[in-house]
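All remarks here apply to the structure that follows.
Each reported figure results from applying straightforward, stated rules to the coordinates on display, with no laboratory input. Because the structure is predicted, anything quoted here is derived from the model rather than measured. Virtual Cβ from ideal backbone geometry, glycine too; neighbours counted across all protein chains shown.
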Amino acid sequence: MLTCEICGEELVLEEDMRTHLLLSHMENEMSCPLCSLSGVSYDELSFHLSTAHPENHNGTQDPDCGGPAHSPRSSAGTNSDRSDSCEPEAARSRSSRDGCSTAGGGTPHRTSRLPTATTMVHPQQSSGLIPPSTGTTPVSGGSSPGGTAPITCSALTGRSPRTRQESLRHCGDDDADEDAAEQGKIKQKRLSSPRKENLFPCPMCALVCSDCFVLQEHVELHLQEQNSAEGAAPGASSSAMASPSSHSLSGGKRYECPMCSVVCGDSFSLQEHVELHLDYGAAANCAESPGSDLRLARRLQQEEDQRRREQEAKREVEEFKKLQKQFGLDGGGGYRRQMERTMESAVARGRMAPADFHNKRAEMMESLSSGLDDGRTRTQGLLGALYEYYQREPRDCVHVWLSAETDHYCSSEGDKGWGCGYRNFQMLLSSLHTIETFAQRLPERAVPSIPRVQSMIEGAWKEGLDPQGASHFGRRLQGTRAWIGATEIYALLTSLGISARITDFHRPTGPGDTHLRLFEWVKQYFSQSSRSTRLPPRVIQTAQPPLYLQHQGHSRSIVGVEQKKNGSLCLLILDPGCSPADARKLLSGDGVTAAARRIRKFPGNLKHKQYQVVAVEGILSPEEKQICIQNSRTLQADRIP
């Protein structure tokens, strides 16, 4: 029978004993026989014995055989005493390998010999994987390179290995059995409970401690050992970055690191230490710089995009407000409110007496209530004066065509800056009243005021004319200073039962960005009623209504056209911006030449990019009016060219 020296289990075969040692003791955790350490592996126990119990590990040589001395402690249940003779080397090797010994014909018996340096050496230790013990410094714990669990040594916790060994020498077999049972319970308890303590590796060796204070004392011993070996003075590089407790031993001036708790012995070591801090931080920043730079760039780009969108939105709002103010859609009041502000300003500046202010305000209110224009800005008889002028002054004109009689209406204080479209409609309506065909269709012979014209356009929208234009103005013109154009004039004429047509000259057709096709079209419009087989007279006043001429920002009325001897054409245009005094100069004999020169417009005078012309063609039947209303949902103009 073979008996295990560690646990006392009896086995028959040597192969079973090897398997038992491998499975139960080599691969599982073991306990130290000299202290309370338990629950460790074979490698950890070997390293622990070599470092914590060097005097027992090395042992003493037997004077008789030269082998290591046996431990005085004997195992319970031993039936044979210690042999005084020297065992052969092979038997000793086999005994250390198998953990058992034989005596007297191979009868196995339990030995009391403890594992020594010979029996506890692991194959990895010979290859240098397990750090050897220095034999001078007891440590608080350690681990082999292949292990992870720390070894807790009782040498630094108040229990000396020598004291433990002496207590074992004076202890009997009963005490040994009690200790073995107690250690077994401790081992079972440690194996059953998980380890929660933190591990603190030594920066100078492979030792791992479970207590930071024990690690600190261990490192101090390392430093003291190096100082004693090298004979270095305090402040040397080996102890330059010691802990505060080590400086209390060595003395000297203390230099604390401003970035951590390290205390250096001299300023140069502190400088090198701080530079390491900075280099590490720079390296970390460099390692993270690509990602951080990319995030920073993206954030800056997002902020720039957001700022640009906000600026664009703000600029759009400002431009929209300017357009609303320009076109009278800012809610600043209409004709009546502007007239009152103008008169109030005149009174404040002393140009109008308060009595005159109240009289004019009363007249304005009366005109607005009647819906008719007060006639203060109207000038009559201009076309007759032009006919007589061209009869007297032949000059170089070959032919002159004039429209039907038309009154001139200019802007007043109530519509200055925005009422040109309404004033041109008043001119056109005054001419239609003189033509019998259209006068029968119009409800009244008087010319309406600007607020009344606004109401008439709103009525045309209600009938279904030009829904897009109505949506543009919010279906409201009264009480505003909104500009109107060719489409509103077309809708108003169609609502009155008058056939009209819009012609769009959308780009220049002559040299120097002139509109020669526009001049030719106007000549054809006025000359179509005077065609005959014989040569027409030089000056002809036709029955054609004037033409409504619209361009960006302004509108005027075309009342005639001249044809020179060289074939060039000249338009005769009445402008609502012309004052009544300037318009009346056509009626006087002295200033008619200068006044006629003002209304002449040659191709070089019309340089806008686009022009629109509204021409009256005839009377609409109720069926034709409904067709025009249906077609006005998508209003189209004749494009030339």
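Using R0 = 22 Å, the C-beta based FRET efficiency linking Met1 and Ser24 works out to 0.80.
Using alpha-carbon pairs under 8 Å, 6+ residues apart, how would you state the relative contact order of region 496-639 in percent? Spell out each step's value before the answer.
Details: 196 pairs, mean separation 57.5, N = 144.
The normalised contact order for region 496-639 reaches 40 percent.
Length available on full extension from Gln224 to Leu516: 0.36 nm per residue minus the Cα-Cα distance, which gives 94.1 nm.
With Cα atoms defining each centre, region 398-430 and region 536-576 are spaced 13 Å apart in the structure.
Charged neighbours of Gly328, selected by a Cβ distance under 10 Å, balance to 0 (K, R count +1; D, E count -1).
Put simply, the amide H of His399, placed in the peptide plane, has neighbours under 5 Å in Gln563, leaving out anything fewer than 5 places away on its chain.
Calculate, in nm to one decimal, what Arg361 and Ser292 gain on full extension: separation in residues at 0.36 nm each, minus their alpha carbon distance.
On the way: separation 69, 0.36 × 69 = 24.84 nm, distance 7.23 nm.
Gain on stretching Arg361 to Ser292: 17.6 nm.
Suppose a student asked you for the relative contact order of region 338-494, using Cα pairs under 8 Å spaced at least 6 residues apart; what percent would you report?
22 percent
Expressed in units of 2.2 N^0.38 Å, where N is the residue count, the Cα radius of gyration of region 377-639 is 0.99.
Name the residues of region 389-426 whose amide N is less than 20 Å from a point 7 angstrom out from the Cα of Ser370 along the C-beta direction? Residues 407-415, 423, 426 qualify, since their backbone N sits under 20 Å from the label point.
Working note: Karplus 6.51/-1.76/1.60 with θ = phi - 60° gives region 255-265 the couplings 10, 8, 6, x, 10, 8, 9, 6, 10, 9, x Hz, where Gly and Pro are set to x. Distant-in-sequence amide contacts of Ser449, defined by a placed amide H-H separation under 5 Å and a gap of 5 or more residues or a different chain, comprise Leu372, Asp373. What separates the Cα centres of region 337-379 and region 610-641 is a distance of 37 Å.
If you average the sequence gap of Cα pairs under 8 Å that are 6 or more apart and divide by the length of region 377-639, what percent do you get for the contact order? Intermediate results must be reported in sequence, preceding the final value.
Numbers: 470 pairs, mean separation 80.0, N = 263.
Reported relative contact order: 30 percent.
Of Lys564/Lys601; Lys321/Lys609; Lys523/Lys607; Lys325/Lys416; Lys462/Lys625, which sit over 23 Å apart, Cα to Cα? Beyond 23 Å: Lys321/Lys609.
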